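Enquirer: Have a look at the structure that comes next, please.
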Amino acid sequence: MSQCKIKRALISVSDKTRIVEFARGLVDLGVEIVSTGGTCNTLRDAGIPALYISDVTGFPEILDGRVKTLHPAIHGGILARRSDPEHSRALSEQKITPIDLVVVNLYPFRRVAALPDTPWEDLIENIDIGGPSMVRSAAKNHEDVVVIVQPEDYDGVLNQLRTTGECSKEERARLALAAFRHTAEYDACICETLTARNAFGEASPLFPRQTTLTVEKVSDLRYGENPGQAAALYRRVEGGVSFIDARQLQGKELSFNNWLDADSAFKIVQELGGETPAAVIVKHTNPCGAALASTIEGAFAKAYASDPVSAFGGIAAFSRPITGELAQTLLDVFWEVLIAPGYSEEALEILKAKTALRVLEVSEDAWKAMKSLDWRSVQGGFLVQERDTQPSPSETWKVVTSRSPAEAELRDMEFAWKIVKHVKSNAIVLAKDQTTAGVGAGQMNRVGAAEIALKEAKEKARGAVLASDAFFPFGDTIRLAAKHGVTAVVQPGGSLRDQESIEAADEHGIAMVHTGVRHFKH
């Protein structure tokens, strides 16, 4: 074993995971340990010799611990460049011992902030001051000082010290970058939390002049949308529980496109979720089948029958746990991903037959979560908007034609209106018996979207209702729908030429309502 070149370490951690074992390893190498209140007590209780920080500074901890490490004896020992004679002379004159290793992680602000009932006073008290200062000082001087901010790095550093007596230049640099990221994430969390609480009365708390987006990598992905594109999956640090936290029970890792499609499927089934079981099938982020029924098996059967050709290789999402009966049916089709709030033991056993099939279980908290902001990237920046969760109950809709929709038509219109908001614009959705009959997505004109939906629906268009994500500037789409037997239309209204589409609807006995709400999805 080489002689250890680290002589003194400062340890002050909120997360005490494996700190005793790490400190014991340092002591075995002859390292002197300096520590702060709670951490020092933990080490001493474990029989590890440690100096209290006040023994080094000659000054007591004051203000309920708010001031303890902000002292020249600490920061001088961390920041001094060992190769600079003037720095060495200053340390000697002031009787300051160099600190070669800093092990610090910060007050648990993130955990405290995540609790909805945390009092303002507790939030403020969990804003660390001395910790970030020591971390930044050590990271700045990483050529001479090793800094560790996460327990995962304890073993690597100990192994290097045991084998070579020092920490390599490359490892010091890596740990310094991790430290700067640690403090940056910490400060971003404080900003996000105080902004969300509108702590200081900003004029626009939802869209402040400056904002932060703190993310952490979940995993690298095999590639992006195409094999030539590198990709990774990140999680919002302060995002709370969401779909991204779904538990994968079996199957290959999800690809970039799998995540996009699965997120879309989850949002739609989340929208439909309620007292009536719902099933949704998504292909390329658009629904190709969706249905409500008295049982989850019935909902799937109806959704699949909507467009069995497109369903092949799709994502299927369910608002109820998957039963053995449903699992057996699902085996008959190739799926990329299944999403549900749970699976029976029988279902999981059956699904094992498809070893590559990705099976995701989404927690109850994630089903309830409706994120308020939607971030979209553009070259060089972001667009940020509120998520499209604006309620549009049928009670607020306005009947604009001579004929009002029948009760069954109204139920189908409510269903179709929930689906069309998740279809790429221009969007047209046909529905009958609370089941999609045809979907026209992402066309450059509304007639083109309607033609696709009607062609897909075939004979199912007769007696169906039609939902459009935006108004009709002309009566052509209404006349086309009437030709195929559509009986009712739900659309936002608001065109200067609304009267033209109203007259076309009246001419063909179609009931039409205006919602007053648009649902573009680009």
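Enquirer: Amide H of L51: which non-local residues (sequence gap of 5 or more, or other chain) have their own amide H closer than 5 Å, using H built in the peptide plane?
Expert: Long-range HN contacts for L51: I33, V34, S35.
Enquirer: Find how many whole Å separate the alpha carbon centroid of the stretch 93-160 from the alpha carbon centroid of the stretch 171-186.
Expert: Centre-to-centre (Cα) distance: 10 Å.
Enquirer: Helix 154-164 versus the longest principal axis of the chain: what angle, 0 to 90°, nearest 10, using Cα atoms?
Expert: On a 0 to 90 degree scale, this one is about 40.
Enquirer: In the P(r) worked out for the stretch 1-139, what percent of Cα pairs fall beyond 25 Å?
Expert: Working: 2943 of 9591 pairs.
Tail of the P(r) past 25 Å holds 31 percent of the pairs.
Enquirer: Determine, for each peptide in 311-320, 38-47, 430-439, the mean count of other beta carbons within 10 angstrom over its residues, then list the peptides with the highest first.
Expert: Working: 311-320: 22.8, 38-47: 15.3, 430-439: 26.2.
Sorting 311-320, 38-47, 430-439 by mean packing, highest first, produces 430-439, 311-320, 38-47.
Enquirer: Taking the Cα-to-Cβ direction at V378 and at L63 and moving 7 Å from each Cα, how far apart do the two end points lie in nm?
Expert: Between V378 and L63, the label points sit 4.4 nm apart.
Enquirer: Multiply the residue separation of K252 and Q94 by 0.36 nm, subtract the distance between their alpha-carbon atoms, and state the gained length in nm to one decimal. Before the final figure, lay out each step's value.
Expert: Values: separation 158, 0.36 × 158 = 56.88 nm, distance 6.05 nm.
Using 0.36 nm per residue and subtracting the Cα-Cα distance, I get 50.8 nm.
Enquirer: Of the peptides 18-29, 129-140, how do they stack up when ordered by the mean number of other Cβ atoms within 10 Å, highest first?
Expert: Details: 18-29: 17.7, 129-140: 21.4.
Ranking the peptides 18-29, 129-140 by packing returns 129-140, 18-29.
Enquirer: Label the stretch 245-368 by shape, choosing from rounded, prolate and oblate, from the square roots a ≥ b ≥ c of the eigenvalues of the Cα gyration tensor; if a/c is under 1.5 it is rounded, and otherwise prolate applies when a/b is larger than b/c, oblate when it is not. Could you put the intermediate results ahead of the total?
Expert: Numbers: a/c = 1.11, a/b = 1.08, b/c = 1.03.
Cα axes put the stretch 245-368 in the rounded bin.
Enquirer: Sticking with this structure for a sec: In degrees between 0 and 90, to the nearest 10, how far off the longest principal axis of the chain does helix 256-272 point, with axes built from Cα atoms?
Expert: On a 0 to 90 degree scale, this one is about 60.
Enquirer: Oh, and also: Going by alpha carbons, how many degrees (0 to 90, nearest 10) lie between the helix axis of 407-420 and the longest principal axis of the chain?
Expert: Helix 407-420 sits at roughly 40 degrees to that axis.
Enquirer: Using alpha carbons only, what's the Rg to Rh ratio of the stretch 152-201 with Rh from Kirkwood?
Expert: Working: Rg = 17.2 Å, Rh = 13.2 Å.
Ratio of gyration radius to Kirkwood radius: 1.31.
Enquirer: Find the Rg to Rh ratio for the chain, where Rh is the Kirkwood radius over alpha-carbon pairs and Rg uses the same atoms.
Expert: On the Cα set of the chain, Rg over Rh gives 1.12.
Enquirer: Here's something else I'd like to know. Counting only residues 5 or more places away or on other chains, whose amide H sits under 5 Å from the amide H of G342 once H atoms are built in the peptide plane?
Expert: Counting only residues 5 or more places away or on other chains, the set is I322, V362.
Enquirer: State whether the stretch 394-514 is rounded, prolate or oblate according to the following rule on the C-alpha gyration tensor (a ≥ b ≥ c being the square roots of its eigenvalues): a/c under 1.5 gives rounded; otherwise a/b larger than b/c gives prolate, and the remaining case gives oblate.
Expert: Values: a/c = 1.26, a/b = 1.09, b/c = 1.15.
Rounded, since a/c falls under 1.5.
Enquirer: Against the globular-protein guess of 2.2 N^0.38 Å, express the Cα radius of gyration of the stretch 341-402 as a ratio, rounded to two decimals. Each step should come with its number before you reach the end.
Expert: Working: Rg = 20.4 Å, N = 62, 2.2 N^0.38 = 10.6 Å.
Output field value: 1.93.
Enquirer: Quick one: Karplus J couplings for the stretch 106-121, per residue in order, coefficients 6.51, -1.76, 1.60, θ = phi - 60°, nearest Hz, x for Gly and Pro?
Expert: Taking θ as phi minus 60°, the curve returns 9, 3, x, 4, 4, 5, 5, 5, 6, 7, x, 9, 4, x, 3, 4 Hz for the stretch 106-121.
Enquirer: Also, quick follow-up: Which residues in the stretch 1-31 place their backbone N less than 20 Å from a point set 7 Å from the Cα of L70 along the Cα-to-Cβ direction?
Expert: 11-14
Enquirer: Specify the inter-centroid distance of the stretch 440-454 and the stretch 35-59, based on alpha-carbon positions, in whole Å.
Expert: After rounding, the separation between the Cα centres reads 71 Å.
Enquirer: Step through the residues of the stretch 43-54 one at a time and calculate ³J(HN,Hα) from phi using the Karplus curve (6.51 cos²θ - 1.76 cosθ + 1.60, θ = phi - 60°), rounding each to whole Hz and writing x for Gly and Pro.
Expert: 3J(HN,Hα) across the stretch 43-54, in whole Hz: 5, 5, 4, 8, x, 9, x, 8, 8, 5, 4, 5.
Enquirer: Still on this structure, I have one more. Could you work out [θ]222 nm for the chain from helices alone, using -39500 (n - 2.57) per DSSP H run of at least four and dividing by all its residues? Round to the nearest 500 deg cm²/dmol. Write out the running numbers ahead of the final one.
Expert: Details: 20 runs with 198 residues, N = 522.
Result for the chain, helices only: -11000 deg cm²/dmol.
Enquirer: While we're on this one: Going by Cα centres, the stretch 267-345 and the stretch 459-522 are how many Å apart?
Expert: 28
Enquirer: Going through the stretch 74-121, which trypsin sites (Lys or Arg not before Pro) have at most 10 other Cβ atoms within 10 Å and a DSSP loop state? Write down the numbers at each step before the final one.
Expert: On the way: sites: R81, R82, R89, K95, R110, R111; in loops: R81, R82, K95.
For trypsin sites (Lys or Arg not before Pro) across the stretch 74-121 that sit outside H, G, I, E and B with at most 10 neighbouring Cβ atoms in 10 Å, the list reads K95.
Enquirer: Still on this structure, I have one more. Students often forget the sequence filter, so: which lysines lie under 16 Å Cα-Cα from K460 once same-chain residues fewer than 8 apart are removed?
Expert: Within the straight-line limit of under 16 Å, K460 reaches these lysines: K302, K432, K483.
Enquirer: Based on the mean of other Cβ atoms within 10 Å per residue, sort peptides 245-257, 384-396 so the most packed one is first. Before the final figure, lay out each step's value.
Expert: Values: 245-257: 16.5, 384-396: 11.2.
Result, highest mean first: 245-257, 384-396.
Enquirer: Sort the stretch 113-241 into rounded, prolate or oblate with this rule: let a ≥ b ≥ c be the square roots of the eigenvalues of the Cα gyration tensor; rounded if a/c is under 1.5, and if a/c is not under 1.5, prolate when a/b is larger than b/c, oblate otherwise.
Expert: Since a/c reaches 1.5 but b/c is at least a/b, the shape of the stretch 113-241 is classed as oblate.
FYI, it's all coordinate maths here, none of it is from the lab. None of these values were measured; they are calculated from a predicted model. Because the Cβ atoms are built from the backbone with ideal geometry, glycine has one as well, and the counts that use them run over all protein chains shown.
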